[in-house]
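Reviewing the structure listed below.
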Amino acid sequence: EPLLGDARAQVFIFASDAHFRPYKSRWQERPAALSGSHTRHGEGDAIAVDGSSQDVEGILAHESIHLLAGRRWPDLPLWFEEGLAELYQTFELRGEEVRLGLPIPGHLRWLRGHRLMPLQRLIEIHRRSPEYNERRLKEGFYAQSWALTHYLVIESEERRPQLLRFLELVRRGAGAGEAFVAAFD
C-alpha cells in the first residue's frame, strides 16, 4: 500500500476570484483572502484555485502539500505546514534536475521591510488566528513560516534532527510551543 494511501483529489480551477469567492472559507463574515484551498470532506479531497492568479501551478503545488501532509501528519503546526507548502510552491523540474526552496520575492521583500513577530507567537498561530486570516497580517505569517521552514529543512543540517524531534513530539501530543522548546532547546 502506498505510504499516503489514495492521495487523489478533485481539482477545481475557477476562471476568476469572483467565481471562486462563493467556495472560499469565511473570516469575520467575509470570504477569506486566499487564491487556493484544500479541503477534506466525506467524499474525499478537493483543491480549489483562482485560475486568474499569477502562479496557478505554484498554488496547485502548495495545496497538494496540504493534501499530502494532512494525510500523513494531520496535526502539523500551522507555521510548519504553511512553510512546507510555500517551500514546495517553488518546485521546479528541469530535465533531470529538481529545484526546491527557491526564493519567493514577495516573502523576501516582506522580511526585509518589516519587524518579525516573536518566534513564540509564530509557533502558536492556528487556523482561527488573525495572522492566518486577515490580509494585512497574513503576508507576514506566510513569509516568516516560509523562512523558518526553509532554514530548518534546507539550510541547516545541524537543525534537521531537532526539527524531526519537534515533529515527533507534536505527533505524540505535545503542544507546538512546548515541543519547540524541548526540541530546539
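Of the residues in the range 31-50, how many are small (Gly, Ala, Ser) and surrounded by 17 or more Cβ atoms within 10 Å (Cβ to Cβ)? Step through it out loud before you land on a result.
Step one: of the range 31-50, the residues small (Gly, Ala, Ser) are 32-33, 35-37, 42, 44, 46, 48.
Next, from what is left, pick out any that are surrounded by 17 or more Cβ atoms within 10 Å (Cβ to Cβ): 35-37, 46, 48.
Count: 5.
In the list 87, 108, 34, which residue meets the criterion of being aliphatic (A, V, I, L, M) and over 15 Å from the mean Cα position of the chain (by Cα)?
Only one candidate qualifies: 108.
Got a sec? Which strands (runs of 3 or more DSSP E) wholly within the range 1-116 have at least 2 residues that are among the charged types (D, E, K, R), touching a helix residue (DSSP H, G or I) at 6+ places or on another chain (Cβ under 9 Å) and without any contact (Cβ under 8 Å) to a residue 60 or more places away in the chain?
On the way: elements: 10-14, 36-41, 44-50, 92-94, 97-99.
Because the criterion is at least 2 residues that are among the charged types (D, E, K, R), touching a helix residue (DSSP H, G or I) at 6+ places or on another chain (Cβ under 9 Å) and without any contact (Cβ under 8 Å) to a residue 60 or more places away in the chain, the strands (runs of 3 or more DSSP E) in the range 1-116 that meet it are 44-50.
Count, please, the residues in the range 19-30 that happen to be under 13 Å from residue 132 (Cα atoms) and surrounded by 13 or more Cβ atoms within 10 Å (Cβ to Cβ).
The total comes to 1.
For the range 153-171, give me the residue count where each residue is surrounded by 15 or more Cβ atoms within 10 Å (Cβ to Cβ) and free of Cβ contacts under 8 Å to residues at least 12 places away in the same chain.
Total satisfying the criteria: 0.
Those residues that are outside any loop (DSSP other than H, G, I, E, B), open to solvent by 80 Å² or more (accessible area, probe 1.4 Å), within 25 Å of residue 36 (Cα to Cα) and not acidic (Asp, Glu), I need them from the range 117-150; list them, please.
Listed by number, the residues that qualify are 135, 136.
The values are calculated or read from the model by the stated rules, or taken from the named source; none is laboratory data. Nothing here was measured: the structure is a model prediction, and the numbers come from that model. Reconstructed Cβ throughout: ideal geometry from the backbone, glycine too, with neighbour counts over all protein chains shown. Note: accessible area is taken over every heavy atom of the protein model, side chains too, but ligands, DNA and RNA are not part of it. Shrake-Rupley method; radii C 1.70, N 1.55, O 1.52, S 1.80 Å.
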